[in-house]
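**Q** Can you keep this structure in mind? I'll have questions shortly.
The values are calculated or read from the model by the stated rules, or taken from the named source; none is laboratory data. Only a predicted model underlies this, so the values are computations on that prediction, with no experimental measurement involved. Because the Cβ atoms are built from the backbone with ideal geometry, glycine has one as well, and the counts that use them run over all protein chains shown.
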Amino acid sequence: MAAGMTYFPIATATTSGSISTTTFSSISGAYTDLVLIVNGGASTAVNMQIQFNGDTGTNYSRTALTLDNLTAVSSRQSSVAYTRLEDGGYLSTTFPAKNSIINIMNYSNTTTYKTAIGRANNAGTGLDAAVGLWRSTSAINSITVYIASGNFTNGTTLTLYGIAAA
Amino acid sequence: MAYSYKLIEAKTLTTTTASITFSSIPQTYTDLLVLISARGDAGGQRDCYISFNGSTSNFSNRYMEMSNSLVASGTTARYIGAVSGTTTTANIFSNGAIYIPNYTSSQYKSFSGDYVAENNAQSTQVLTLSAQLWSNTAAITSIGFAPSSGSFIQYSTFYLYGINKS
């Protein structure tokens, strides 16, 4: 690409040891959108969950179109304490079979609630196309990615990119 | 601030071509993204298949797709979606996005596929989401695409991008 290159690495984490949570903090508001890429596994089959700005209140919702093994299903949660963009393409003990691509739009505005769109994949378990909502007008300055049981497999990578307005 | 999203190679077909290959892919990026706009010369839609390093072995997947208004799923190794053919409305090219994280790692390669073959009719359109795995520890140095029969036609495009986390 020429002058239009607007994709910047903000931070990356490669898990090591008994890690079940990764937080990207002090996220600059200088970008337009964020992209989170995850590739790895876990010590048990588990979904990856996300919270913004340390908010553990029931201010999240989610809607997913899922391939659960080989069955297409849909699901919905509202007023929960996290958003989750996977049900079929979850972390599994097969490393690194899982990948996720999560786009967080207009994350730094202070007017609207925040939406994330995710694609989660695991060739052994299924996949998802999902949307998550955080009902807050605060600019997102931190993202916590965690699993409720077990740990990320060592070597799981989580990378946060910023997309800047051209 | 480093740019992280760079065009490695663009291929625009000037003649009918049975398959395309990105070879000698630099090993200096973290992830790869391939964007496809392709149409085939076969009578109907044809499956589009991916290969790495000249190999068609050790691929597995799960896919979910809407084909002619019906939801389907399956496991067809290397299948990423349907290439528009001559029964598709003229000038419609199918489109795909293939995201490959950690393509140089010494682990298996998990990757994501989104592909659509639209049509101006109530039939012969397919939307495919896929979770893909190449169970090979070699770094990816080449990527190939080919339809199950026939060839890609002139004006089909294949763009390979590199994304770097540092």
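For (1) under 27 Å from B:Ser135 (Cβ atoms); (2) assigned to a strand (DSSP E or B), each residue gets a yes or a no:
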| site | (1), (2) |
| --- | --- |
| A:Gln51 | no, yes |
| A:Pro96 | yes, no |
| A:Thr112 | no, no |
| A:Val145 | yes, yes |
| A:Thr159 | yes, yes |
| A:Gly162 | no, yes |
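**Q** Go through (1) more than 11 Å from chain A (Cβ to nearest Cβ); (2) over 15 Å from the mean Cα position of the chain (by Cα); (3) surrounded by 23 or more Cβ atoms within 10 Å (Cβ to Cβ) and name the single condition B:Met64 misses.
**A** In the conditions (1) more than 11 Å from chain A (Cβ to nearest Cβ); (2) over 15 Å from the mean Cα position of the chain (by Cα); (3) surrounded by 23 or more Cβ atoms within 10 Å (Cβ to Cβ), B:Met64 misses (1) alone.
**Q** Still on this structure, I have one more. Is it the case that A:Thr63 is within 16 Å of the chain's Cα centre (by Cα), assigned to a strand (DSSP E or B) and of a type outside the set (A, V, I, L, M)?
**A** Criteria met by A:Thr63.
**Q** OK, next. Go through segment B:34-48 and give me each residue that's within 14 Å of another protein chain (Cβ to nearest Cβ) and more than 17 Å from the chain's Cα centre (by Cα).
**A** Selection gives nothing.
**Q** May I pose another question? Mind listing just one residue for me: the one in segment A:71-92 that is in a loop (DSSP other than H, G, I, E, B) and either under 24 Å from B:Ser73 (Cα atoms) or at pLDDT below 95 (or both) and, of those, farthest from the chain's Cα centre (by Cα)?
**A** Among them, the one singled out is A:Ser92.
**Q** Could you tell me which residue of segment B:90-105 is surrounded by the fewest Cβ atoms within 10 Å (Cβ to Cβ), considering only residues that are more than 8 Å from chain A (Cβ to nearest Cβ), not polar (S, T, N, Q) and not in a loop (DSSP other than H, G, I, E, B)?
**A** B:Ala97
For (1) buried (at least 18 other Cβ atoms within 10 Å of the Cβ); (2) under 19 Å from A:Gly126 (Cβ atoms); (3) touching a residue at least 24 places away in the same chain (Cβ under 8 Å), each residue gets a yes or a no:
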residue	(1), (2), (3)
B:Gln107	no, no, yes
B:Gly113	yes, yes, yes
B:Ala121	no, no, yes
B:Ile143	yes, no, yes
B:Tyr155	no, no, yes
B:Tyr161	yes, no, yes
B:Lys165	yes, no, yes
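**Q** Okay, moving on. Pairs please, first residue from segment A:143-161 and within 23 Å of B:Tyr29 (Cβ to Cβ) and β-branched (Val, Ile, Thr), second anywhere and modelled with pLDDT of 95 or more and assigned to a loop (DSSP other than H, G, I, E, B), Cβ atoms under 6 Å, 6+ apart in sequence or on different chains.
**A** A:Thr153/A:Gly41; A:Thr153/A:Phe95; A:Thr156/A:Thr15
**Q** Among the candidates B:Ser73, B:Ser135, B:Ser51, which residue alone is away from chain A (no Cβ under 14 Å), in contact with a strand residue (DSSP E or B) (Cβ under 8 Å, 6 or more places away or on another chain), at pLDDT 95 or above and closer than 26 Å to A:Ser92 by Cα?
**A** B:Ser51
**Q** So, one more: Just one of the numbered conditions (1) more than 11 Å from chain B (Cβ to nearest Cβ); (2) crowded, with 19+ Cβ neighbours inside 10 Å is not true of A:Gly89; which one?
**A** So the condition that A:Gly89 fails would be (1).
**Q** Among (1) touching a strand residue (DSSP E or B) at 6+ places or on another chain (Cβ under 7 Å); (2) within 14 Å of another protein chain (Cβ to nearest Cβ); (3) not in a strand (DSSP E or B), there is one condition A:Ile140 misses while meeting the rest; what is its number?
**A** Failing condition for A:Ile140: (2).
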